[in-house]
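Notes follow once the structure below has been shown.
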Amino acid sequence: MGIRHDVELQPQVEAPVAFDQYILPGMQTTVVALATHEVHWYDSDTASQAIAVGDYFTTPVLYDTTTYYLEEQFQDDTLLCTSSRSSVTVYILGNTSVSEYNEDSMLKIFPNPTGDFLTIDVGGEPLRAVSVYDAEGKRVLTKRVSVSGVLDVTSIKPGSYLLRVEYADGRCRWAKFVKSGER
């Protein structure tokens, strides 16, 4: 006498993977999830209502470090499979608000707006590097420098940017500038 077992295979879903991001205060970013099936985004680990559905999520403008929770779901006519939740954190860099960025009297940048080149004057203090961040908080340009000078910005698209100046002693200062479409 044999025993027959009817077995139905069900798809497995794993928690989606997303990578933490770093942005400046007052900016937003798009977080991309790596998953096989539909991704649901939540603003807390216990939330029952998703704030978004899809492979990516564009955050609102953020001023504080924020964590989002993701789960992968697969559904057909008879089956709903849900993964455990994973998390992704969007970190806000620095303690300075965007409105305070240009208040450092020792950091001067000109012309602003600029077309091709941005002059950076830090009053003779030694520097380590300068970096340029776009409106989504992504670094688009970095240059090692040791003194005030000229930064070539011809390679970046027109728009609003933040310049991060890192001094030799580790301090950082920020300044806003606009890259115009004119050359």
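So the values come out like this:
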| quantity | calculated |
| --- | --- |
| Residues (under 15 Å from ASN112 (Cα atoms) and assigned to a loop (DSSP other than H, G, I, E, B)) located in region 158-172 | PRO158 |
| Per-region count, region 120-138, residues over 14 Å from ALA175 (Cβ atoms) and either surrounded by fewer than 18 Cβ atoms within 10 Å (Cβ to Cβ) or without any contact (Cβ under 8 Å) to a residue 40 or more places away in the chain (or both) | 9 |
| Some residue of region 53-64 being among the acidic types (Asp, Glu), assigned to a loop (DSSP other than H, G, I, E, B) and modelled with pLDDT of 90 or more | yes |
| Meets criteria (modelled with pLDDT of 85 or more and not assigned by TED's automatic domain parsing to the domain that holds MET27) for LYS157 | yes |
| THR46 at pLDDT below 90, at negative phi and assigned to a loop (DSSP other than H, G, I, E, B) | no |
| So GLY149, is it of a type outside the set (Asp, Glu) and farther than 30 Å from VAL31 by Cβ | yes |
| Qualifying residues in region 139-174 (those that are touching a residue at least 60 places away in the same chain (Cβ under 8 Å) and surrounded by 15 or more Cβ atoms within 10 Å (Cβ to Cβ)) - the one farthest from the chain's Cα centre (by Cα) | ARG173 |
| Count of residues meeting criterion [at pLDDT 90 or above and closer than 30 Å to VAL53 by Cβ] in region 91-114 | 0 |
| Condition met for PHE177 (surrounded by fewer than 17 Cβ atoms within 10 Å (Cβ to Cβ) and aromatic (Phe, Trp, Tyr)) | no |
| For GLY26: the one exception among (1) on the phi < 0 side of the Ramachandran plot; (2) in contact (Cβ under 8 Å) with a residue 40 or more places away in the chain; (3) of a type outside the set (Lys, Arg) | (1) |
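The values are calculated or read from the model by the stated rules, or taken from the named source; none is laboratory data. In this text, all values refer to a predicted model and were calculated from it rather than measured experimentally. So basically every Cβ, Gly included, is an ideal-geometry build from the backbone, and we count neighbours across all protein chains shown.
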